[in-house]
């Protein structure tokens, strides 16, 4: 497929979701089979890394779509060509650094004796999660308000529907994992207050979020005039990313 600004984001988001789901499957099999290896310790860092990266990329998608609606002339004429690739690279690196530093300082990767900066990096990561959530929610609301309540009527395209549905699915299924992470940092002995099943539920919901995006693309690409049409996978993905009224 010919790539555009948003298909680059979608590709990177799919990569983060794929890694997240694969490591969750391995983590579950490790617990079920009771394999005595250190895979779960390493998996925690990877899971936090790809979760952060997915949230970063989803926020970037929402912000860029919002900018393209509010300032369409600047977006079409002044936006650098490789902005999406550069932003995705920076977000991958930022998420990796945060996860590795927190993993090393908090003893997730290996045991550390003596004082560490674990609490500080936990607070930094939590603050970044809150910022991403506020940005994601704010840009999505601004996008919806601009489309339906703006001075100029803006036609709704399949790309708008795809982005809004992806954000909604994350808020319902992906956000609980981040909230649980946040509560573990700010509430002392939180893991002893609640049942351990709560963590299992957040993991399950996050896996649903990671697997839901392809279904959204399929549904948005296949619906035409209130009917489902059978098309090739390539055509369905192209139509899901379609930025012209249909």
> When residues of the stretch 174-190 are filtered for being modelled with pLDDT of 85 or more and either out of contact with any helix residue (DSSP H, G or I) (no Cβ under 9 Å at 6 or more places or on another chain) or under 30 Å from residue 242 (Cα atoms) (or both), how many remain?
Replying inline: 2
> Given the conditions (1) at pLDDT below 85; (2) buried (at least 16 other Cβ atoms within 10 Å of the Cβ); (3) closer than 21 Å to residue 25 by Cα, which single one is not true for residue 237?
Replying inline: (3)
>> Between 65, 76, which is surrounded by fewer than 20 Cβ atoms within 10 Å (Cβ to Cβ), part of a helix (DSSP H, G or I) and out of contact with any strand residue (DSSP E or B) (no Cβ under 7 Å at 6 or more places or on another chain)?
In response: 76
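Matching residues to (1) modelled with pLDDT under 85; (2) surrounded by fewer than 16 Cβ atoms within 10 Å (Cβ to Cβ); (3) in contact with a helix residue (DSSP H, G or I) (Cβ under 6 Å, 6 or more places away or on another chain); (4) part of a helix (DSSP H, G or I):
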{"residue": "124", "(1), (2), (3), (4)": "yes, yes, no, yes"}
{"residue": "132", "(1), (2), (3), (4)": "no, no, yes, yes"}
{"residue": "155", "(1), (2), (3), (4)": "yes, yes, no, no"}
{"residue": "168", "(1), (2), (3), (4)": "no, yes, no, yes"}
{"residue": "172", "(1), (2), (3), (4)": "no, yes, no, yes"}
{"residue": "192", "(1), (2), (3), (4)": "yes, yes, no, yes"}
>> I need the full set of residues from the stretch 135-153 which are in contact with a helix residue (DSSP H, G or I) (Cβ under 6 Å, 6 or more places away or on another chain) and more than 24 Å from residue 14 (Cα to Cα), in order please.
In response: 142, 146
>> Looking at 32, 25, can you tell me which residue is modelled with pLDDT of 75 or more and either surrounded by fewer than 15 Cβ atoms within 10 Å (Cβ to Cβ) or not in a helix (DSSP H, G or I) (or both)?
In response: 25
> Which of the residues belonging to the stretch 82-107 are in a loop (DSSP other than H, G, I, E, B) and out of contact with any helix residue (DSSP H, G or I) (no Cβ under 8 Å at 6 or more places or on another chain)?
Replying inline: 82
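The values are calculated or read from the model by the stated rules, or taken from the named source; none is laboratory data. No experiment lies behind these values; they were computed from the predicted model shown. Using ideal geometry, Cβ is built from the backbone for each residue, glycine included, and neighbour counts are taken over all protein chains shown.
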